[in-house]
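The structure appears below as structure tokens.
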Amino acid sequence: MLNVYHLLVTPYYLTLFGSGQLQAEVWFQLHSFHYQWSLALIIFGIHLVLLGYLVYRSGYIPWIFGIALFIAGAGWMIGGLGPYILPNTNFDFTLITAFGEVLFTLWLWIRGWKVQEPTVIS
């Protein structure tokens, strides 16, 4: 994003490229950032899916948070894949899946510090 700002506020680039080429470069830079951001969301979604699995399998964090994190991760991955698979489709509805992250964070703040490791019976 700083590249776009630098292109737009530096008069030298307007004289170097001309108006049409400068607009094309700004458009390219903005869309390049969008695709990079989407790839980062896919990686973050994979992280949440794995975290959800671990939370679900753990014995000392409620399993419902694992399911919520898994759904949140799937939502971020679907939203991140959108520009690559269906670029003209609006995937903003997947943001509602982030609700699981908020619930898990609140649980960690309120109750998580009191969690004790479960006893293992051999």
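The values are calculated or read from the model by the stated rules, or taken from the named source; none is laboratory data. As the structure is a prediction and not an experimental result, all values here were calculated from the model. FYI the Cβ positions are ideal-geometry reconstructions off the backbone, even for glycines, and counts take in every protein chain you see.
Checking residue 40 against (1) closer than 30 Å to residue 9 by Cα; (2) exposed (fewer than 14 other Cβ atoms within 10 Å of the Cβ); (3) among the hydrophobic types (A, V, I, L, M, F, W, C); (4) at pLDDT below 90, which test does it fail?
Here residue 40 clears every test but (4).
Being over 25 Å from residue 31 (Cβ atoms), surrounded by fewer than 11 Cβ atoms within 10 Å (Cβ to Cβ) and at pLDDT below 90 is the filter here; which residues of segment 65-119 pass it?
Residues satisfying the conditions are 113, 114, 116, 117, 118, 119.
In the list 53, 35, which residue meets the criterion of being surrounded by fewer than 17 Cβ atoms within 10 Å (Cβ to Cβ), in a helix (DSSP H, G or I) and at pLDDT 95 or above?
53
From 43, 64, grab the single residue that is in a helix (DSSP H, G or I), more than 23 Å from residue 83 (Cβ to Cβ) and among the aliphatic types (A, V, I, L, M).
Only one candidate qualifies: 64.
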